[in-house]
Amino acid sequence: MNSIWQDIRFGLRMLWKSPGITLTAMLAFGVGIGANAAMFSVADIYLRNPITFPEVNRVAMVLGRAPGQTEGWSTISPADLQDWRAQNRSFESLAAYSWADVNLTGSGEPVKVQGFRVTANFFDVLRATPRLGRGFASGEDEPGREHVAVLSSGLWRRQFGSDPSVIGRTIRLDGTPTQIVGVMNDKVRFPQSVDLWIPMALSPEARSVRNVRYVMPVGRLKPGVSLEEARAEMLAIQQRLERSFPESERGWGVQCMTLGDFVAGPGKQYSVMLLFSVAFLLLIACTNVANLLLARSASRQNEYAIRVAMGANRLRLTRQVLVESVLLALGGAVAGLFLGGWWISLIRTAMPPEVERYIPAWDQVRLDTRTFIYSLAIALTAGILAGLIPALYASAANLHSSLKEAGRGGGSGVSGMRLRSGLVVLQVALSLVLLVGAALISKGAKSLFALNFKFDAESVLTFRVALPTYTYATPQQCSAFFQGLTEHLNHTPGIQDASVSVGIPFADYSSATFNLEDQPLQPGELASAKLNNIDPGYFQLLRVPLLEGRTFSEKDSADSVPVAIVSEKFAKRFWPRGGALQHRLKLGDAKSTEPWLTIIGVAPEITYDPWLHEPPPTIYLSLRQSPVSIAYVQVRTGSDPKALVPAIRSAVSAIDPDQPIYDVFSLQHVISNQILGLSYVAVLMGVTGLMALGLSAVGVSGVMAFSVTQRVHEIGVRMALGAKPTDVLRLFVQYGLKLLLLGICIGLPLSVALARLLSSLLFGVQSTDFVSFSGGAMLLAVVVFLACYIPARRAARVDPLVALRYE
């Protein structure tokens, strides 16, 4: 132990004597460790604990998988839920929930809140305990007993001022008197965007429905039952249901995943990508420090040789260099934690509040104890990695040759120069991988956004309206409200067009199976498509002209012939030679009682779900023939859309003063939020790539400068024999470019492998993007050339007389 303390004290003194190398190495470590600390803080909530419940790893989402669906999941029907509950033996209990946007009155100004209808055992499955009051009692999800609610902590604070006497108070949800029975604690935020929970009270008739799917089950596994066993059992149950109810269950599968994986969603793969990128950055920092320590070891060869001559063994020399490297890493970790905290604050500040509420545990992203421990661990690891090669090199000091070379700058030797060159090649290769990865993801995000550039999204304002059933009990009343609203908006100054639809670009909407009249499906075959109910002005507002036929008109009412518009992909799939118009389709299978819809138009493709590698075909229904109670309203303006929000609220109030609007954003904002995760990854990987580029430039410049120092005498001899300054300049630049070429040759195959991985995970990323590969290589070449040129120019200015006297 005493000898280790001696090594530490001696190491500190030696580092103090070389402030330039010490500060440079600590800065390199600080950049790498700080980036890792920041990304670990973000990734930790996704990879370890995106949601906090007792034994959360035993809680699983049990979802459906639509016919032909190879990725993702689907909701299930109430009848499926009843059968799954009755037949499974893998779960202690199976709860369920569904979305329920509701108008809240009786607590100040009417507001729209995000509610969820849940079965009475929902909180029991999660083992969630309330802050105040209680959860739901058994039987409160029966019709007639469902007029109770449990508030989230967030809604309790915002709307009720954290009043502890709120339990027992009566509020109105969609006009229905509802008693508050509980307030959940801050840790209970599932589903993530929840404001309140209300019972899912289904009548016997509603529980038997199989062709409408809106339920999302969640269950707690029995002790000793694995997720794979539960998945196999649920799939077997679904196959039995398919045999019993082929009309509604044919082709449907089961998707099981842990609650943590479900909540984390795409954030999990994003986190892994970012962790790999900052790990590459730290590795580049390690090679940079290793090069510095190699240069320093070369200048200390005489010292090492003398220590060996005086009896020091090679293990002690190795340990001494490793101790110095670890001290540098620990110093860098201190700086890195400050940088990491700053980066975390920037990341959190840039997150829009309306998106933040959907991200699990986002408010918990901080430099906590786990981050400190992780930073310490990677600092020790990085210190050992960076010091290992210099330590082995130092311990191999040759007593005779080192003393013989004394006075010539320490003598680095050919082997030392090769080691430093090899480390530079590794830096260049890793930097190229990061630069190409950042370019690919950035272009992927831009391509997603550019899919709908033609919409002029900045000029379109969108908001949502959810009509309560107590006021709008019939489809006709809902249709009258939206028709009156669009008419009112179209006469509002500043608004050019107004439209209503169930879905908007880059926003979720429903899907359904369908059957064609002239191409009947074979037994056991199902075809599905996305649905969007739109009014006559939808395509005009988006500036999307139809490819064939006409759009919906005022005459396409509930009393006229049912019509539909299909997407280009739909038309090409079933009528590849054209002629989709006037063909008929109906929703459901061949036995469905839905009316036949005549195709009157073919629309160009519009992206609604940017994350599907193969966007499905789309069917558009007339909103006047198929009214809905919840819809998006879009208005196009000639100026700033946000300036018209007061006028829009007035237009809604003129029709119904008690009707709130919510999710008021520009269409560009909606699109940006949908690809926000990918944009974050693109920006962070871009920053990481630039930092790697800077570290590589420092590494190349350092090696070149050291090479110039070691070859001053040689330069003098060359110039004395007639070499010109340009010849010397060319000599060193060519040497640097050789390192660059080797690094690119190693980095390109790694970049290709990364590109293929990214293209399989992210829509919009092209694995054969020549521009990204060539652009990354060219940027790296420019930076490396500049890093080579500056030391090489210094070499070209060496005075031959001084160089020949250099010892």
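Points worth noting:
- Restricting attention to the range 320-354, the residues that are over 19 Å from residue 372 (Cα atoms) and buried (at least 18 other Cβ atoms within 10 Å of the Cβ) total 6.
- Residue-level check: of (1) within 31 Å of the chain's Cα centre (by Cα); (2) open to solvent by 10 Å² or more (accessible area, probe 1.4 Å); (3) within 30 Å of residue 653 (Cβ to Cβ); (4) of a type in the set (Gly, Ala, Ser), residue 128 misses just (3).
- Some residue of the range 107-122 being surrounded by fewer than 16 Cβ atoms within 10 Å (Cβ to Cβ), over 23 Å from residue 77 (Cβ atoms), in contact with a strand residue (DSSP E or B) (Cβ under 7 Å, 6 or more places away or on another chain) and modelled with pLDDT under 90: yes
- Test: residue in the range 671-678 that is crowded, with 19+ Cβ neighbours inside 10 Å and farther than 24 Å from residue 636 by Cβ: yes
- The range 152-192: number of residues that are in a loop (DSSP other than H, G, I, E, B), surrounded by 19 or more Cβ atoms within 10 Å (Cβ to Cβ) and either within 30 Å of the chain's Cα centre (by Cα) or on the phi < 0 side of the Ramachandran plot (or both): 4
- Complete set of residues in the range 718-729 that are open to solvent by 60 Å² or more (accessible area, probe 1.4 Å) and in contact (Cβ under 8 Å) with a residue 24 or more places away in the chain: 720, 725, 726
Per-residue answers, yes or no, for (1) open to solvent by 10 Å² or more (accessible area, probe 1.4 Å); (2) farther than 27 Å from residue 464 by Cα; (3) of a type in the set (S, T, N, Q):
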site	(1), (2), (3)
534	no, no, no
546	yes, no, no
558	yes, no, no
566	no, no, no
576	yes, yes, no
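- Across the range 496-528, the qualifying residues are those that are crowded, with 20+ Cβ neighbours inside 10 Å and of a type outside the set (Gly, Ala, Ser), and the one among them that is modelled with the highest pLDDT is 500.
- Answer residue from the range 237-251, given it is modelled with pLDDT of 90 or more and open to solvent by less than 40 Å² (accessible area, probe 1.4 Å) and is nearest to residue 88 (Cα to Cα) among those: 237
- Candidates 682, 643, 647, filtered to the one that is under 16 Å from residue 350 (Cα atoms) and of a type in the set (Gly, Ala, Ser): 682
- Residue 527 over 25 Å from residue 675 (Cβ atoms) and in contact with a Phe, Trp or Tyr (Cβ under 7 Å, 6 or more places away or on another chain): yes
- Of all residues in the range 251-272, those that are in contact (Cβ under 8 Å) with a residue 60 or more places away in the chain have Cβ atoms under 6 Å from Cβ atoms of residues that are assigned to a strand (DSSP E or B) and not hydrophobic (A, V, I, L, M, F, W, C), 6 or more apart or on another chain, in 252/64; 253/65; 255/65.
- Some residue of the range 617-633 being in contact with a Phe, Trp or Tyr (Cβ under 7 Å, 6 or more places away or on another chain), open to solvent by 60 Å² or more (accessible area, probe 1.4 Å) and not small (Gly, Ala, Ser): no
- In the set 62, 31, only one residue is of a type outside the set (Gly, Ala, Ser), crowded, with 20+ Cβ neighbours inside 10 Å and within 30 Å of residue 254 (Cα to Cα); that residue is 62.
- Here residue 683 fits the description: open to solvent by 30 Å² or more (accessible area, probe 1.4 Å) and part of a helix (DSSP H, G or I).
- Of all residues in the range 736-761, those being open to solvent by less than 50 Å² (accessible area, probe 1.4 Å) and among the hydroxyl-bearing types (Ser, Thr, Tyr) number 2.
- The residues of the range 638-670 that are of a type outside the set (A, V, I, L, M, F, W, C) and either assigned to a helix (DSSP H, G or I) or surrounded by 21 or more Cβ atoms within 10 Å (Cβ to Cβ) (or both), listed by number, are 641, 642, 646, 649, 650, 653, 668, 669.
- Yes/no for residue 80 being crowded, with 21+ Cβ neighbours inside 10 Å, touching a strand residue (DSSP E or B) at 6+ places or on another chain (Cβ under 9 Å) and assigned to a helix (DSSP H, G or I): yes
- Residues satisfying the stated conditions in the range 66-77, i.e. part of a loop (DSSP other than H, G, I, E, B) and open to solvent by less than 30 Å² (accessible area, probe 1.4 Å): 66, 67, 77
- Residue match in the range 684-706 (condition: touching a Phe, Trp or Tyr at 6+ places or on another chain (Cβ under 8 Å), of a type in the set (S, T, N, Q) and touching a residue at least 40 places away in the same chain (Cβ under 8 Å)): yes
- Unique residue being open to solvent by 10 Å² or more (accessible area, probe 1.4 Å), in contact (Cβ under 8 Å) with a residue 24 or more places away in the chain and either more than 24 Å from residue 239 (Cα to Cα) or part of a strand (DSSP E or B) (or both) when the list is 93, 98: 93
- Taken over the range 198-230, the criterion of being open to solvent by 80 Å² or more (accessible area, probe 1.4 Å) and assigned to a helix (DSSP H, G or I) is satisfied by 204, 205, 228, 229.
- Checked against the criteria, residue 382 does not count as closer than 12 Å to residue 33 by Cα and either modelled with pLDDT of 90 or more or not aliphatic (A, V, I, L, M) (or both).
The values are calculated or read from the model by the stated rules, or taken from the named source; none is laboratory data. These figures come from a predicted structure and were not determined experimentally. Every residue, glycine as well, gets a Cβ built from its backbone with ideal geometry; the counts of neighbours run over all protein chains shown. We work out accessible area using only protein heavy atoms, side chains counted, and drop any ligands, DNA or RNA first. Shrake-Rupley method; radii C 1.70, N 1.55, O 1.52, S 1.80 Å.
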